[in-house]
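Student: Here it is, the structure in full.
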């Protein structure tokens, strides 16, 4: 504030001294006013030159998770052989990225034909694939009195913001085929209970799987990991019907589903299961390693609630593509009666189906006039009456996940 | 300095130095950012306290502080002094610029301390450096916020806290090429030099519209100005032997004359202890019946008339006019008994035309006899010391006529004393004329004129002291007029002769000048002085040598054959530029020629094969072995030229 006043003082003083010099015809004031005016002219010229004749190359990571600190590097070089004062860069980031904690760019002094790197950081609050181009250069003179800016077009940059896994403790009922031993269920019946190893407790792990003896010895919570069976697989179907994504951007019901889906998928893959998203991929790769995890992240990064098909119809149309013995997780936030028909049809065929139900309407900022939340007792009862065991999912993500604020 | 109380200046400088040292110690010693952030609040409190208790604070200053009319100056000095104790951060330090500029402006307005300009230039250089350093520090904070240092290796936690280390690291990196504080200082120095030369030009350019406002100088400062003040402004008195003259080049008026003439503004008859008094002045004795002008006109035997015009450029009280004014065309002025003209009702800028009379030819012989009793003071012996009287009598003892006496006296004064516009003041308690003629032997027009008058009176010649202007022939405006400036302000003696009236005796015309102290040197700028001209010539010579060398360095490579690879690089640039223009996609720094070519392939599909081949050839010549020969570079340049033609044709198709 004070610096701004001081900066303002120079032009004002120049004007005042010039006027007084003119009125009084005082030589000393003429000298003073001339010196100030010359300084201001020189500053104007320098600031103007500072932002001209520049070239840029932007280097951004191809992908990052929601909330990750993303560093964008911009290589700048000067076309004009002049010594420049500091410039800063304001990248034309798309507002859709819902950027938080954006840092200023590193002030640099571009040099002739020598690439100088600048950088800035930010966190994205919304998943998706985003493109942007162009940037604004802000330059000042060496004294910092005059600031000028110039917009430059640059090549397009794309970044994929992946969903962040939202830990969730999923107590799957045995009736859904979960928790049955491999001896009982057979090698192709899904997740077994044969212990495969122990590991540190992670947020979202069920307390039922804590290995108390090892935990007592180690002094920290350890949980059992289970062999899921060589042919076990899980398929996820997310409700993507237009108008069913409820809640603020970046924290909507679909974002929550994506967060849960990647968390569960990662856990299942670690347990040796195959995970597919039949609505999003035609030929899912059979891999189970990091590559597959990355594929899933990438799939979920771009999905939007923009499909005309209702979730039940989609489920029936995809039922033929499901791997035999798959456990199908249907994530639904808005009541959809077609799901009842689909559940009835698929259960009759012997498909194991777990509706993961979200109270999406409570995520809305304002009461919604149309539709009903999926987590109504009547809808749940209807699902149960058909033989399905719906699981009500928590709609509040752990604090470390939804901490991002502008 | 500008209020003639240097002790106040020393006091303020001392306070500011003490405050700055203390602020520096606090800044370096304190790690508590919260405490340092309080400086702005404390500064504001100090400024407010200065405002509220300025009268009390004023009494703490030496020599009774500033004159009451200039309390603002005192306030600014106190804000600067007290504020300097709280300049713990850049921002607050920069804020000190505001009272400083205001103080400079105040001094500039009253224009009572000419060297303020040099002080101001020093201030500008410091301010530029300060702003640049503050800007650098602000940028360093931005760099920290940008996360740059977090990505650097080898920076310990302590180093991340230390601005000095961070600055060093970033200076080796992206700030290597920055135009920082050194550049700001260098630029400011050049600007100052340009301003020194440019300001007089600007002032001369805006002359027609300048000077619309007249600032009343506080009475206490008037003695600081040795400018053409009339006795009206100085209470009817003018002191002589006041020390170095500080007249400036400010234009006063334009006059149109048949030839160069002395322009009388005011006359003085009474002299006592180094001070001339004007009996015509309302503040002086009432001697209005002493109409010396009428007497002079009566006395001139063969009068010759001539016309003149005076156009004041600044508001003037007295109108300088030549010889004996017999008529003038303006009701705004009145003629005083001594024949001088003055505006009624205060200073004005009205153009005056008139006619004056002078003897057809001047051969003064006999001093005026039978003067009225009231004009006895023209021969008054008051304040003529015996030494001066003896000298006057000695010189004139062989003179045959009064005119001869006057000539001899004038020559003697010119022989004894040298003209020096920078002569020291007459010590108090000393007779100014005696000191001038026998001890100091140098001075300027006032002492020459006073000596002439007193010595003339000593030998019985009626004489008076006159102040006015003697236009410089150098300021002839080409249209029969002269621009009269402050530096043309002058004093001379007038002796009353039978048949002639008042005859001018200017002893300065026969005196030698002290080196650098001649008439005209007063308004001479430092850069017009001999030494400065030599220095400027030297600088010009150095500039020419260095400029020539710089031009040689730029031009020389143009005539020197370039290595073949350099020429091929230039050819590739043309190749890439053509691709850029054609495809609208610029080559990225990170792209190899081949990658770039692949990227723009869709736009050059029709001539892809030969473009690819040409690119391959260029790559080979640029990066391959053996080193290409000049013939290769010529050949590839021809190929590229032909290819560019094809590219243009492919576009038009």
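Student: Which one of A:140, A:176 is modelled with pLDDT under 90, buried (at least 17 other Cβ atoms within 10 Å of the Cβ) and away from chain B (no Cβ under 14 Å)?
Tutor: A:176
Student: If residue B:615 meets every condition in (1) more than 12 Å from residue B:579 (Cβ to Cβ); (2) at pLDDT 90 or above apart from one, which number is that one?
Tutor: All conditions pass for residue B:615, except number (1).
Student: Here is a follow-up. So residue A:12 ticks every box in (1) without any contact (Cβ under 8 Å) to a residue 24 or more places away in the chain; (2) out of contact with any helix residue (DSSP H, G or I) (no Cβ under 7 Å at 6 or more places or on another chain); (3) facing chain B (nearest Cβ under 8 Å); (4) at negative phi but one. Which box is left unticked?
Tutor: The number of the failed condition is (3).
Student: From the residues in region B:103-112 that are over 13 Å from the mean Cα position of the chain (by Cα) and more than 8 Å from chain A (Cβ to nearest Cβ), which one is surrounded by the most Cβ atoms within 10 Å (Cβ to Cβ)?
Tutor: B:110
Student: Something else now. Looking only at region B:593-615, filter to residues that are within 14 Å of chain A (Cβ to nearest Cβ) and closer than 23 Å to residue B:637 by Cβ; which one of those is surrounded by the fewest Cβ atoms within 10 Å (Cβ to Cβ)? Show your work before the answer.
Tutor: Restricting attention to region B:593-615, the residues satisfying the condition of being within 14 Å of chain A (Cβ to nearest Cβ) are B:595-596, B:599-600.
The next check asks that each one be closer than 23 Å to residue B:637 by Cβ; those that pass are B:596, B:600.
Numbers: B:596: 20, B:600: 18.
Top of the filtered list is B:600.
Student: Taking the stated definitions as given, is residue B:128 in contact (Cβ under 8 Å) with a residue 12 or more places away in the chain, facing chain A (nearest Cβ under 10 Å), within 30 Å of residue A:121 (Cβ to Cβ) and in contact with a helix residue (DSSP H, G or I) (Cβ under 6 Å, 6 or more places away or on another chain)? So that I can check it myself, show each step before the final result.
Tutor: On the way: in contact (Cβ under 8 Å) with a residue 12 or more places away in the chain: yes; facing chain A (nearest Cβ under 10 Å): yes; within 30 Å of residue A:121 (Cβ to Cβ): no; in contact with a helix residue (DSSP H, G or I) (Cβ under 6 Å, 6 or more places away or on another chain): yes.
No, not satisfied.
Student: Give region B:20-37 a look and list any residue that's without any contact (Cβ under 8 Å) to a residue 60 or more places away in the chain and touching a helix residue (DSSP H, G or I) at 6+ places or on another chain (Cβ under 8 Å), or say none. Before you say what the answer is, go through the steps one by one.
Tutor: The initial filter retains those residues of region B:20-37 that are without any contact (Cβ under 8 Å) to a residue 60 or more places away in the chain, namely B:21, B:24-25, B:28-37.
Result: B:30, B:36.
Student: Which is farther than 30 Å from residue B:188 by Cα and either surrounded by fewer than 20 Cβ atoms within 10 Å (Cβ to Cβ) or modelled with pLDDT of 75 or more (or both), of A:85, A:165? Give the steps one after another, and end with the answer.
Tutor: Numbers: A:85 fails: farther than 30 Å from residue B:188 by Cα.
It is A:165.
Student: Quick check: anything in region B:179-186 within 7 Å of another protein chain (Cβ to nearest Cβ) and within 11 Å of residue A:34 (Cα to Cα)?
Tutor: Pass one, region B:179-186, residues within 7 Å of another protein chain (Cβ to nearest Cβ): B:179-180, B:183-184.
If we keep only those that are within 11 Å of residue A:34 (Cα to Cα) too, we end up with none.
No; the residues of region B:179-186 include none that is within 7 Å of another protein chain (Cβ to nearest Cβ) and within 11 Å of residue A:34 (Cα to Cα).
Student: Out of B:461, B:495, B:411, report the one residue that is at pLDDT 90 or above, crowded, with 16+ Cβ neighbours inside 10 Å, in contact with a helix residue (DSSP H, G or I) (Cβ under 9 Å, 6 or more places away or on another chain) and not in a loop (DSSP other than H, G, I, E, B). Quick ask: steps written out before the conclusion?
Tutor: On the way: B:461 fails: not in a loop (DSSP other than H, G, I, E, B); B:411 fails: crowded, with 16+ Cβ neighbours inside 10 Å.
After ruling out the rest, the residue left standing is B:495.
Student: Now for a different question. From the set of residues in region A:323-349 that are assigned to a helix (DSSP H, G or I) and in contact (Cβ under 8 Å) with a residue 40 or more places away in the chain, which is surrounded by the fewest Cβ atoms within 10 Å (Cβ to Cβ)? Reasoning before the result, please.
Tutor: Taking region A:323-349 as the starting set, the residues that turn out to be assigned to a helix (DSSP H, G or I) are A:338-348.
Going one step further and asking which of them are in contact (Cβ under 8 Å) with a residue 40 or more places away in the chain, we end up with A:339-340, A:343-344, A:347.
Values: A:339: 30, A:340: 18, A:343: 24, A:344: 17, A:347: 14.
Per the stated criteria, the residue is A:347.
Student: Just wondering, is there one or more residues in region B:216-231 that are modelled with pLDDT of 65 or more and more than 23 Å from the chain's Cα centre (by Cα)?
Tutor: No, every residue in region B:216-231 fails to be modelled with pLDDT of 65 or more and more than 23 Å from the chain's Cα centre (by Cα).
Student: May I pose another question? Among (1) part of a loop (DSSP other than H, G, I, E, B); (2) more than 30 Å from residue B:167 (Cβ to Cβ); (3) modelled with pLDDT of 90 or more, where does residue A:130 come up short?
Tutor: (1)
Student: So, one more: So is residue B:66 at negative phi, within 14 Å of chain A (Cβ to nearest Cβ) and not in a helix (DSSP H, G or I) or not?
Tutor: Values: at negative phi: yes; within 14 Å of chain A (Cβ to nearest Cβ): no; not in a helix (DSSP H, G or I): yes.
In short, no.
Student: Oh, and also: Any residue at all in region B:71-89 that's part of a helix (DSSP H, G or I) and over 31 Å from the mean Cα position of the chain (by Cα)?
Tutor: Here is the first cut: in region B:71-89, the residues part of a helix (DSSP H, G or I) are B:71-86.
Right, trim to over 31 Å from the mean Cα position of the chain (by Cα) and you get B:85-86.
Looking through region B:71-89, at least one residue is part of a helix (DSSP H, G or I) and over 31 Å from the mean Cα position of the chain (by Cα).
Student: Scan region A:75-90 and tell me whether some residue there is touching a residue at least 60 places away in the same chain (Cβ under 8 Å) and at the interface with chain B (Cβ under 8 Å from one of its Cβ atoms).
Tutor: The answer is no; no qualifying residue exists.
Student: Out of all the residues in region B:384-392, is one or more farther than 30 Å from residue B:213 by Cβ, modelled with pLDDT under 85, in a loop (DSSP other than H, G, I, E, B) and touching a helix residue (DSSP H, G or I) at 6+ places or on another chain (Cβ under 7 Å)?
Tutor: Here is the first cut: in region B:384-392, the ones farther than 30 Å from residue B:213 by Cβ are B:384-392.
This time we only want the ones that are modelled with pLDDT under 85, so: none.
Among the residues of region B:384-392, not one is farther than 30 Å from residue B:213 by Cβ, modelled with pLDDT under 85, in a loop (DSSP other than H, G, I, E, B) and touching a helix residue (DSSP H, G or I) at 6+ places or on another chain (Cβ under 7 Å), which makes the answer no.
Student: Could you say which residue among B:252, B:191 is surrounded by 17 or more Cβ atoms within 10 Å (Cβ to Cβ), at pLDDT 75 or above, in contact with a helix residue (DSSP H, G or I) (Cβ under 7 Å, 6 or more places away or on another chain) and more than 8 Å from chain A (Cβ to nearest Cβ)?
Tutor: Being surrounded by 17 or more Cβ atoms within 10 Å (Cβ to Cβ), at pLDDT 75 or above, in contact with a helix residue (DSSP H, G or I) (Cβ under 7 Å, 6 or more places away or on another chain) and more than 8 Å from chain A (Cβ to nearest Cβ) holds for just one of B:252, B:191, which is B:252.
Student: Restricting attention to region B:137-150, report how many residues are facing another protein chain (nearest Cβ under 8 Å) and under 38 Å from the mean Cα position of the chain (by Cα).
Tutor: The qualifying residues number 2.
Student: Which one is surrounded by the most Cβ atoms within 10 Å (Cβ to Cβ), of the residues in region A:295-322 that are free of Cβ contacts under 8 Å to residues at least 40 places away in the same chain and closer than 18 Å to residue A:264 by Cβ?
Tutor: Pass one, region A:295-322, residues free of Cβ contacts under 8 Å to residues at least 40 places away in the same chain: A:295-296, A:299, A:312-313, A:316-317, A:319-320.
Cutting the leftovers down to closer than 18 Å to residue A:264 by Cβ gives us A:295-296, A:299.
Numbers: A:295: 18, A:296: 25, A:299: 22.
Residue satisfying both the conditions and the ranking: A:296.
Student: So, one more: Checking the structure you have, find out if any residue of region A:240-252 is in contact with a strand residue (DSSP E or B) (Cβ under 7 Å, 6 or more places away or on another chain), part of a strand (DSSP E or B) and within 23 Å of residue A:328 (Cβ to Cβ).
Tutor: Yes, the conditions are met somewhere in region A:240-252.
Student: Just to check your reading of the model, which residue among B:115, B:91 is in contact (Cβ under 8 Å) with a residue 24 or more places away in the chain and more than 8 Å from chain A (Cβ to nearest Cβ)? Quick ask: steps written out before the conclusion?
Tutor: Working: B:91 fails: more than 8 Å from chain A (Cβ to nearest Cβ).
B:115 is the lone residue from the list that is in contact (Cβ under 8 Å) with a residue 24 or more places away in the chain and more than 8 Å from chain A (Cβ to nearest Cβ).
Student: Out of the residues in region A:23-53 that are farther than 19 Å from residue B:196 by Cβ and at the interface with chain B (Cβ under 7 Å from one of its Cβ atoms), which is surrounded by the fewest Cβ atoms within 10 Å (Cβ to Cβ)?
Tutor: Within region A:23-53, the match that is surrounded by the fewest Cβ atoms within 10 Å (Cβ to Cβ) is A:23.
The values are calculated or read from the model by the stated rules, or taken from the named source; none is laboratory data. Since the model is a prediction, treat every value here as computed from it, not as a measurement. Cβ: placed from backbone, ideal geometry, glycine included. Neighbour counts: every protein chain shown.
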